[in-house]
Every structure is written in structure tokens, then in C-alpha cells.
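What follows is a set of notes on a single structure, which appears directly below.
Each value in this text was obtained by applying a stated rule to the coordinates, not by laboratory testing. Owing to the predicted nature of the structure, the values given are computational and were not obtained by experimental measurement. With ideal geometry, Cβ positions are generated from the backbone for all residues, glycine too; neighbour counts draw on all protein chains shown.
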Amino acid sequence: MKRLFLFTVTAFIGLTTFAQSKEPIVFTFGSDTVFKSEFERVYSKNNDVKTKQPTEKEIQEYLELYVKFKIKVKEAYKRQMDTNDAFIKELAGYRKQLAQPYLIDNQVTDQLILEAYTRLLEEVNVSHILISCAKDDLPKDTLIAYKKISDIRKQIIDNKISFDSAAHNLSEDPSAKTNNGLLGYFSAFQMIYPFENMAYNTPKGQVSAAFRTQFGYHILKVNDRRRSPGEIKVAHIMIRFNNEKEVSPAKEKIDAIYGKLKQGENFEELVKQYSEDYSTKGNKGEMTWFKSTGQLPTDFKEAAFALQNNGDYSAPVKTDFGWHIIKRLELKPVAPLTEQKENLKYKVSRDDRSQISSKVVLERLKKDNKFTPNDKELTKFTETVDTSLLRGSWVPNAKSKTNATLFTIASQKYTFDDFSNFIMNFQAPKKSENVGFVVKDFYNDYVEKMNFAYEEDHLEEKYADFKNLMKEYRDGILLFELTDKMVWSKSVEDTIGLKGYYESNKTKYMWGTRANAAVFDCADAKVAKAVKKLIKKNLPDTLIYKKINAKDPLAVTITRGKYEKGQNEIVDKLVWEEGITDLPPNGKKQSFVKIYEVMQPTPKELSEIMGVATSDYQAYLEENWIKELKGKYPVAINTDGVNRLFK
């Protein structure tokens, strides 16, 4: 058998080589060959060749990249990096992700995507009542919970009790004691799918029928529906407070800033001078896009979405974090489905609604892969299981560990022993009193997992594109790991080599002429005069700031730096000489610039250009490495084969 296997494989390789030899060769490297079909397939995946014929220059550029790719990957295989445990584990993780599109039903998924998008256009405001009930509760306990929620609903419908009162007094959701069951506005993907379904399928003002989720039985009331306003981008000025004593002083400061805004001062400048949100201060106060159903404080969101036009700003708004002035930058409606489809597809796959697609796929897989159950054997297996399974402590006996076949998928058998091991791995205490029901649940779960696992294990055999994709990922991981070892990590760890490269090339990294200067923005001429006196005493900026702002926190701001031409608009306009230059007054505001020193061109220190120097050093290392690899695996470009590409 071994000889026959080796002969078959060898014959296959020979036939494959013979078939490929009829193809034009693009290039060889070492003993390996890249044919026209491979190059065109890879190029086409990364470039649009349907509407635009690649030019000779584009092909040559890609050819150079692909040669480097192939010799690097060959070196990785030569080093047997594909046998590394970490590599095998990482590739398995990627394979799991890449397999997912082959294990879903596209038609069902498209319907779920459309449903989700439609719901994203509308937000619902809901209150709810929960009676807790676990998934594996006994039927009698489930019935008690159902009767309890049904009775509460009847009292509400008959106007014997208000929904809010019932939620406060009867709901088993702990938060109902403080919010009367109010969940506020939400949209698709923000609640578990059964809850979301009932919320969107219940008319405004009405109470839903009782329904069950993993948490128990619910009823809900839809308080309101509104069209989703989309997403908003704002900037804000924030003054923090940490306790109640700090609220009033913070309010005084935010009111002073608000007064300056109303007098026409620039919002971005006020952010720069006063905002205490240090995560946004360096970006003109700009926050990331957010929705009206997001996690930000409600007062903040309501104030933001109430702004009517871009550029409008709010009066001071209080949240638990501090006082804010919010400026609207941009508002965009819910994006069209075409723009959101891929993102929604991902969300659907991660959400419990994906189970709908899984059920459809499972039935298809059973048919395609010839799933054949053996119900008689399942009955026999069940008879080998005792009540210890209900306690999660079942240990298989000899009859449970035989090779009797429970079912087959294609020609693969799944035995009592396989199923026993599955149960052992996943058993846990159950509330059920019926062993047969529990075994049946395990069996259904086992059948589903094994059908999907079988399909996943055979994807390369069924789908050529999946096989190619896996090869690309395998090569890509190896390429990354080896390049990291030879270039990226080496450039960081080899400090001596980096310093040597810097010393040999330091004239590439020069400062231009710079001004060591500070811009002083003063509230008025009196403050400016006081600041200049302190400057003459050679006091440091921090001490000047502290002294001048002791009574008025907005008296002076100081912007200090070493500037090349083009780096500071104000300093650029001055004659670069040491001394103080007054700027034109802006109302009462008086500003001036102090130039402490004009600095002549000098090489930048390595610490100042570490990122750029490291990047250049990496390019240097890679260039030398490629030369070494080409010496090890000589590359021969076949001009005739290259000329026939895409012809």
C-alpha cells in the first residue's frame, strides 16, 4: 500500500509538471518555477484587470514584488518555520475565520442583513419586565414563570396596574428598581435578537405578548419610535470635576469660556487653552463619531443632536464627568445598505440571529455529505446512561465506549465512544429529570458540530478558491514571521547596528534654522506688561503661568517650542532675532512673541528621529537580505513569458 501510494503521488506530480510545462514560464527561483497562470491569478486578485489592461510598467513593478515574496517564503519553508507549533496554531485560527463564508446560507444571510438595516433606520424606546427562568429549568418551573409573567401582563392590559409600577415592584431585573424597567432608545444589534424582534414587532404604545429569551420570560412596552438621526461628529471643551465641591468652580470656569465664545473667540483656540479632556485636546477637541443610542451620557447626546447646524455650539452641559461646551462639526444620516452590507454581514455572523442561517446550512450539509443516522443505536446508547448525567458527573461504562455506529457522514463513522467523549467534555448539572431528553439534546448538538466540522475539514477538496486562499494565508504568515525576524524586530533590537547606520547617514537628518520661541497670549495690556517683567527676570514659563493666573485662570496662555519655518504661523511672520515682538491687539487681548535663540542647522539626534531612522534602517536591512536570498536562490526572468502575460 505504501509503494502504491508513493507511485500514485509521484505520477500525479509528473502529470502536473507535464501539464504546467506547456504554460509559459514567468520566472524561476532556485529549483522552483512560477508559471503564467499563477502570476496572472495573484496579480488579478490584487488589481482590476477586467476593465483595465495592465501596462508593462505595472507588470514589471508587480513582478519585482512577487519575486521578493517567493524567495522570502521559500526561505521560510527551508527553515521549516511551517512546522512551528505557534505557526500551526495561528494558521488554524485564520482557517476557522476563512471557513465561515462557506458555512452560511447566503440567501438567509441576505434577508437578515436587510432586516437589520431596516431596523437601523428606526430607534425604539422600550420598557420591560422580566421573570427569570433558566434555559434548563424543569417544565414545572418554566410553567410557573410563564404564568407569573402572563398574570402581570393581564393586570396591565386590564388597567389594574401601570407598566412602570409593575416593573418597579414585580420585575426580576434588578435595574427596574431604579429605572422602572426603562431601557431607553436602541436599534439593531444592541439587544439580544429575540428581544429586538419583539420590540420592533410591537406597535407604539402597546404591550407585547410574553416571550422567552435566555434570561427568562419578558413582556415589553414600546414607549416611542423615532427615525434614527444617524451619526454625529462633535468637538467639545471640557472642564472636569471629581466631587460635588468642584462642581461650582468648574461651572464658573466653563461659563467664562462660554462668554469668550459668545464674544467671538475661536473655539479651537479655547480648546487648546482650557479643555481638560486630554484625549481630545490635541485634536481641536474632536471626538469620534457616535450615535444617539451610543454609550455616552444621555445629556451629552441630547445636547449634541439638538444642535441644528454645523458650527453651532451648546450652552454648558453637565454630565457625571464634568461641564462641556459641544460644537457640532458634521451630521451624517444612516449610510445606504450598499455601504454597510459587509459590516452588517459580519455583525449578523457574530449575533445569535446567525443560528437561523446555521439551521438551513445544517440541513444542506446533511444531504450533501450523506448524513445517515442510526436511531436504533441511539436508543441503545441512551440505555447505557444513568441519572449521574443530570448531576454532570456521568462516567461512561464499557457499553458506552464501544465502536457501535451512531451515524455516518460520507464514509466517516461516529461511534458510541466518540459520543461519550463529547458528553464528558461538555456535561454540567441539569435541572431536567429525564435522562433521555438530556441525551437527545447532547446528540443534536453533537450531530450539528460534527456535520459542520466534516464540511470544514474538506473545504480544500470541494473549493479550489478556498485551497488557494489557505495557501496565501500560509505563505503570508510565514512571510510576516521571517521578515519580522530578519528586518523589523532586528532593527529595533540591534541598537548598535542602528546607531552605526545613523552615524553613517546623519547628514540625511538635519534640522533647518530654528527659532526657540514662546507665544504669550494675554487677557489685556496690563497682563502683558506684568508678563514681560517676569520674563526679564528670567523666570521659567511654568512659574510665570502660575503667578499671572493665580487670580484669573484665563489671564495668560503660553505656547513654547523650537520652530522651523512653516511650523508656526505666528513665528514665521517675524524677523528671527532674539528679543520680544508685540503682535497686533485683538480687542482687549494683547499677545507678543519672545525669541530666546535662533538655532543654526544641526543634525538631529537619533532620539529625535528614531522612527524615521528605524524605517530607513529596515529598508537597508531588507535590501541586503534580498541580495543574500537571490544569491541563495538565483532568479531567472523569462522575458518571453513576461511578454505573454494577460495576452
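Whole-Hz Karplus ³J(HN,Hα) for segment 134-151, in order, using 6.51 cos²θ - 1.76 cosθ + 1.60 and θ = phi - 60°, x for Gly and Pro?
Along segment 134-151, the couplings run 6, 4, 9, 4, 5, x, 5, 6, 4, 5, 4, 5, 5, 5, 5, 5, 5, 5 Hz.
With +1 on each Lys and Arg Cβ and -1 on each Asp and Glu Cβ, and nothing else charged, work out how big the dipole of segment 122-227 is about its Cα centre, in Debye to the nearest 20.
Working: 14 positive and 12 negative charges, 52 e Å.
Computed about the Cα centre, the dipole is about 240 debye.
When only C-alpha pairs under 8 Å and at least 6 residues apart count, what is the relative contact order of the chain, in percent? Could you put the intermediate results ahead of the total?
Working: 836 pairs, mean separation 97.4, N = 647.
Relative contact order for the chain comes out at 15 percent.
Taking the dipole about the Cα centre of the chain, with the C-beta of Lys and Arg at +1 and of Asp and Glu at -1, give me whichever of Asn283, Ile257, Tyr62 is farthest to the positive side.
Most positive-ward Cα: Ile257.
Residue by residue through segment 631-647, what is 3J(HN,Hα) from phi via Karplus (6.51 cos²θ - 1.76 cosθ + 1.60, θ = phi - 60°)? Round to whole Hz and write x for glycine and proline.
For segment 631-647, the Karplus-derived couplings read x, 7, 10, x, 9, 10, 7, 8, 4, 5, x, 5, 5, 8, 5, 6, 10 Hz, x marking Gly and Pro.
Under 4 °C and 1.567 mPa s, how fast does segment 122-182 diffuse according to Stokes-Einstein, given a Kirkwood radius computed over C-alpha pairs? Answer in µm²/s, whole number.
Value of D from the Cα-based Kirkwood radius: 105 µm²/s.
Suppose R0 equals 35 Å; then what is the FRET efficiency for Leu65 and Lys565 from their Cβ-Cβ distance, rounded to the nearest 0.05?
0.40
For segment 542-559, list residues with backbone N below 16 Å from a point placed 7 Å from the Cα of Lys532 toward its Cβ?
none
Quick one: what Rg and Dmax do you get for segment 369-457 from the alpha carbons, in Å?
According to the Cα coordinates of segment 369-457, Rg and Dmax are 12.7, 37 Å.
I want to check the label-to-label distance for Thr379 and Tyr509. Put each point 7 Å from Cα in the C-beta direction and report it in nm to one decimal.
8.1
Let a ≥ b ≥ c be the square roots of the eigenvalues of the Cα gyration tensor of segment 289-401; is it rounded (a/c under 1.5), or, if not, prolate (a/b larger than b/c) or oblate? Kindly include the intermediate steps, with their values, before the conclusion.
Values: a/c = 7.59, a/b = 2.47, b/c = 3.07.
Taking the square roots of the gyration eigenvalues as a ≥ b ≥ c, segment 289-401 is oblate.
Give me the extension gain from Arg225 to Leu121: residue separation times 0.36 nm, minus the current Cα-Cα distance, reported in nm with one decimal. Spell out each step's value before the answer.
Details: separation 104, 0.36 × 104 = 37.44 nm, distance 1.06 nm.
Residue separation times 0.36 nm, minus the Cα-Cα distance, leaves 36.4 nm.
Taking R0 as 25 Å, what's the FRET efficiency between Glu342 and Met610 from their Cβ-Cβ distance, rounded to 0.05? Walk me through the intermediate numbers first.
Numbers: r = 37 Å, r/R0 = 1.49.
Taking R0 as 25 Å, the efficiency between Glu342 and Met610 is 0.10.
So which of Lys551/Lys588; Lys253/Lys589; Lys72/Lys471; Lys36/Lys78; Lys526/Lys589; Lys508/Lys604 end up more than 20 Å apart, counting from Cα to Cα? Could you put the intermediate results ahead of the total?
Working: Lys551/Lys588 18 Å; Lys253/Lys589 18 Å; Lys72/Lys471 15 Å; Lys36/Lys78 24 Å; Lys526/Lys589 10 Å; Lys508/Lys604 9 Å.
Violating the 20 Å limit, Cα to Cα: Lys36/Lys78.
If amide H atoms are built 1.01 Å from N in the plane of the peptide, which residues on other chains or at least 5 residues away come under 5 Å of the amide H of Leu406?
Tyr414, Thr415, Phe416
Okay, which of segment 193-210 sit inside 16 Å, backbone N to the point 7 Å along the Cα-Cβ direction of Asn159?
It comes to 206-207, nothing else.
What value in Å³ per residue do you get for the convex hull of the alpha-carbon atoms in segment 285-348? Intermediate results must be reported in sequence, preceding the final value.
Working: hull volume 7.0 nm³, N = 64.
Once divided by residue count, the hull of segment 285-348 is 110 Å³.
With labels modelled as points extended 7 Å from the Cα through the Cβ direction, what inter-label distance (nm, one decimal) is found for Gln80 paired with Arg212?
Simple spin-label model gives 5.6 nm for this pair.
Using amide H atoms built 1.01 Å from N in the peptide plane, name the residues 5+ places from Gly184, or on other chains, whose amide H lies under 5 Å from its own.
Result for Gly184 returns Val126.
Going by amide H atoms built from the backbone, whose H comes under 5 Å of the H on Phe27, apart from near neighbours?
Those qualifying (amide H under 5 Å, at least 5 residues apart or on another chain) are Val34, Asn638.
Using a basic spin-label model with each label point 7 Å from the Cα along Cα→Cβ, how many nm lie between Thr178 and Glu268?
4.0
If you count, for each residue, the other Cβ atoms within 10 Å and average over each peptide, how do 147-156, 528-537 line up from highest to lowest? Display every interim value, and only then the final one.
Numbers: 147-156: 17.2, 528-537: 15.4.
Most protected by this proxy first, the peptides run 147-156, 528-537.
Between Leu478, Leu554, Phe321, whose Cα lies farthest towards the positive end of the dipole of the chain when Lys and Arg beta carbons carry +1 and Asp and Glu beta carbons carry -1, centred on the Cα centre?
Most positive-ward Cα: Leu554.
Restricting to DSSP loop positions (anything but H, G, I, E, B) with no more than 15 other Cβ atoms inside 10 Å of their own Cβ, which chymotrypsin sites (Phe, Trp or Tyr not before Pro) remain in segment 373-467?
Passing sites in segment 373-467 are Tyr463.
Given C-alpha coordinates of the chain, what is the ratio Rg to Rh with the Kirkwood estimate of Rh? All intermediate terms of the calculation are to be shown ahead of the outcome.
Values: Rg = 35.1 Å, Rh = 33.1 Å.
Result for the chain is an Rg/Rh of 1.06.
Using 17 Å as the cut-off for backbone N distance, which residues of segment 401-433 belong to the label zone defined by a point 7 Å from the Cα of Lys367 along Cα→Cβ?
410
About its Cα centre, what dipole magnitude does the chain give when the only charges are +1 on Lys and Arg Cβ and -1 on Asp and Glu Cβ, stated in debye to the nearest 20? Walk me through the numbers before you get to the answer.
On the way: 101 positive and 91 negative charges, 130 e Å.
For this selection, approximately 620 debye.
Along the charge dipole of the chain, which of Pro634, Gln340, Ser411 sits closest to the positive end, that is, farthest toward it, with unit charges on the beta carbon of Lys, Arg, Asp and Glu (+1, +1, -1, -1)?
Sorting the options by dipole projection puts first Gln340.
Starting at the first residue of segment 431-442, write each ³J(HN,Hα) from the Karplus equation 6.51 cos²θ - 1.76 cosθ + 1.60 with θ = phi - 60°, in whole Hz, x for Gly and Pro.
So the Karplus estimates, Gly and Pro as x, are 8, 5, 9, 10, 4, x, 5, 5, 4, 5, 4, 4 Hz.
Enter the Cα centre distance for the pair segment 296-329 and segment 612-647, rounded to the nearest angstrom.
55
Figure the gain on full extension for Ile580 and Glu252 (residue separation times 0.36 nm, minus the Cα-Cα span) and round it to one decimal in nm. Walk me through the numbers before you get to the answer.
Numbers: separation 328, 0.36 × 328 = 118.08 nm, distance 3.34 nm.
Full extension of this stretch gives 114.7 nm more.
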